[in-house]
Amino acid sequence: MLEPYFYRDNELTVEGVTLADIAKKEGTPCYVYSSAAILERYQAYDRAFGIAPHQVYYAVKANSNLSLLRMMAEAGAGFDIVSGGELFRVLKAGGDPAKVVFSGVGKSREEVEYAIASGIHSFNCESEAELALINSIAARHDVSARAALRVNPNVDARTHPYISTGLHDHKFGINIDHVKEIYDRAAGLGHLKLEGVSCHIGSQLLDTKPLLEALDGVLALVEKLRAAGHPIQELDMGGGLGVAYTDEQQPPSTETYIQLVCKKTAGLGLKLMVEPGRSIVASAGVLLTRVMYRKTTANKEFVIVDAAMNDLIRPALYQAHHEIVPLRHRDAVTITADVVGPVCESGDFFARDRELANVFSGDYVALMTAGAYGFVQASNYNSRPRAAEVMVDGAGWKVIRKRETFEDLVRGE
């Protein structure tokens with residue numbers, strides 16, 4: 001798999017571009033993405049299915065920049081959305097609505113109306129009441145809406161509790177033991193095509209065992225539903241694999257996981273669907289930031305940078321780890337410090353007691369593996385304009401989102 005970020009002559013580069021050149025010209029904080037890495041990771045999923053009927057639906061919530069979505073659409077990807085706004089983005093980027101699946105536990109009437117009018121492929125439904133709503137709106141449009149129930153298999157994903165979704169304590173999905181009776185009742189709804197089953201047990205999974213355990217339960221359910229006369233034709237396996245945020249985290253290869261799925265589902269006549277997001281864009285992106293100050297207290301060394309929790313909230317929200325590396329290698333000297341931003345919160349940190357390069361005021365550093373759940377969770381907290389976004393393609397780059405201005409902060413007020 002392509003590793004897009006590497007040092008050349010002591011300068012951190014991506015594809016054919018020196019990151020310090022981007023930082024100097026476009027300013028910091030700044031998100032940078034590698035187009036080659038994004039496309040390679042998407043194509044790895046697509047190729048792994050071989051001749052099995054399938055569709056890869058990119059999870060828009062991971063990174064929803066229009067240029068990135070347009071690139072994915074041109075590569076043949078479908079899209080997994082969780083809001084009307086994400087559907088708007090997909091359509092604005094030229095995505096095919098017939099390759100869109102709408103997930104999420106709380107779809108509004110307006111969002112369902114928009115999705116049906118747009119002609120999306122299907123809904124992943126999370127409650128019986130949602131099925132009734134979709135049926136009533138589809139009836140008004142005189143169409144039949146394709147839908148699948150999202151099954152909660154009560155499988156522990158063994159990931160961070162905020163991104164685990166497959167246990168009965170979670171808000172997502174329908175208890176697997178109750179699914180057949182809901183399909184039986186919903187079969188009488190005249191404007192629904194219940195042709196699929198969906199299951200997503202969580203994000204950032206580094207072990208295939210929970211995924212395959214959930215798959216076994218869902219395949220047994222498919223057999224039961226078909227025996228009861230339900231024409232199940234599609235199996236949505238949910239999100240893709242996790243990524244390596246540290247050297248210790250090494251997920252299985254995409255090919256290994258997908259081939260295990262294909263082996264289990266061979267001969268069942270199912271179209272296979274998968275919704276990767278993080279594993280396509282996370283390692284393809286970095287957040288560039290500039291060191292403003294070094295500060296020493298009685299107990300701590302601090303490196304204060306110009307990015308903050310409003311730019312990348314994952315460390316504060318999930319206790320997530322991002323490697324922090326200099327854009328220019330000087331020597332092997334290291335320090336142990338907290339890396340923090342300017343926001344007035346003690347939770348505004350990127351690392352605590354981290355061993356890192358001996359950086360100084362004015363130096364640039366990169367927070368690695370920041371392409372997923374980075375900019376999409378950014379805010380204007382402390383009235384801070386949001387960062388620029390840059391896409392690298394070979395030896396060149398383009399700004400795919402301009403840095404916000406102070407005027408942007410008050411637009412609409």
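Observations, loosely collected:
- Scanning segment 172-182 for residues that are assigned to a helix (DSSP H, G or I) and crowded, with 21+ Cβ neighbours inside 10 Å gives 176, 179.
- Close pairs from segment 25-40: first on the phi > 0 side of the Ramachandran plot and surrounded by fewer than 21 Cβ atoms within 10 Å (Cβ to Cβ), partner outside any loop (DSSP other than H, G, I, E, B) and not small (Gly, Ala, Ser), Cβ under 8 Å, at least 6 apart: none
- Selected residue [closer than 25 Å to residue 278 by Cα and among the β-branched types (Val, Ile, Thr)] from 112, 100: 100
- Flag for residue 394 being under 23 Å from residue 40 (Cβ atoms) and out of contact with any helix residue (DSSP H, G or I) (no Cβ under 6 Å at 6 or more places or on another chain): yes
Matching residues to (1) within 28 Å of residue 19 (Cα to Cα); (2) of a type in the set (Val, Ile, Thr); (3) buried (at least 16 other Cβ atoms within 10 Å of the Cβ):
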| site | (1), (2), (3) |
| --- | --- |
| 224 | no, no, no |
| 234 | no, no, yes |
| 237 | no, no, yes |
| 255 | no, no, no |
| 261 | no, yes, yes |
| 281 | yes, yes, yes |
| 285 | yes, no, yes |
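- Residue satisfying all of: in segment 185-229; closer than 22 Å to residue 55 by Cα and part of a loop (DSSP other than H, G, I, E, B); modelled with the highest pLDDT among these: 199
For every residue, the table says whether it meets (1) touching a residue at least 40 places away in the same chain (Cβ under 8 Å); (2) in contact with a helix residue (DSSP H, G or I) (Cβ under 6 Å, 6 or more places away or on another chain); (3) within 19 Å of residue 388 (Cα to Cα).
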{"position": "302", "(1), (2), (3)": "no, no, no"}
{"position": "308", "(1), (2), (3)": "yes, no, yes"}
{"position": "317", "(1), (2), (3)": "yes, no, no"}
{"position": "340", "(1), (2), (3)": "no, no, no"}
{"position": "345", "(1), (2), (3)": "no, no, no"}
{"position": "348", "(1), (2), (3)": "yes, no, no"}
{"position": "352", "(1), (2), (3)": "no, no, no"}
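- If you go through segment 218-237 and keep only what is touching a residue at least 60 places away in the same chain (Cβ under 8 Å) and either over 23 Å from residue 146 (Cβ atoms) or within 21 Å of the chain's Cα centre (by Cα) (or both), you end up with just 236.
- Residue satisfying all of: in segment 268-317; under 21 Å from the mean Cα position of the chain (by Cα) and acidic (Asp, Glu); modelled with the highest pLDDT among these: 311
- Take the conditions (1) closer than 27 Å to residue 26 by Cα; (2) free of Cβ contacts under 8 Å to residues at least 12 places away in the same chain; residue 298 misses just one of them, which is (1).
- Number of residues in segment 8-24 that are surrounded by fewer than 18 Cβ atoms within 10 Å (Cβ to Cβ), not in a loop (DSSP other than H, G, I, E, B) and not hydroxyl-bearing (Ser, Thr, Tyr) equals 4.
- Matching residues in segment 247-294 - criterion: being of a type in the set (Gly, Ala, Ser), part of a helix (DSSP H, G or I) and under 30 Å from residue 225 (Cβ atoms): 279
- Candidates 361, 346, 383, filtered to the one that is of a type in the set (S, T, N, Q) and at pLDDT below 95: 346
- Residues of segment 263-279 that are surrounded by fewer than 24 Cβ atoms within 10 Å (Cβ to Cβ) and among the polar types (S, T, N, Q): 265 alone.
- Residue 70 out of contact with any Ser or Thr (no Cβ under 8 Å at 6 or more places or on another chain), more than 22 Å from residue 373 (Cα to Cα) and surrounded by fewer than 21 Cβ atoms within 10 Å (Cβ to Cβ): no
- Flag for residue 331 being surrounded by fewer than 24 Cβ atoms within 10 Å (Cβ to Cβ), part of a loop (DSSP other than H, G, I, E, B), touching a residue at least 12 places away in the same chain (Cβ under 8 Å) and acidic (Asp, Glu): yes
- Near pairs, Cβ below 8 angstrom, 6+ apart or cross-chain, from segment 380-409 (assigned by TED's automatic domain parsing to the domain that holds residue 23 and surrounded by 18 or more Cβ atoms within 10 Å (Cβ to Cβ)) to any residue that is among the polar types (S, T, N, Q) and assigned to a strand (DSSP E or B): 392/34
- Some residue of segment 99-106 being at pLDDT below 95, aliphatic (A, V, I, L, M) and either over 24 Å from residue 380 (Cβ atoms) or surrounded by 24 or more Cβ atoms within 10 Å (Cβ to Cβ) (or both): yes
The values are calculated or read from the model by the stated rules, or taken from the named source; none is laboratory data. Remember, predicted model here, so these are calculated numbers, not experimental data. Cβ: placed from backbone, ideal geometry, glycine included. Neighbour counts: every protein chain shown.
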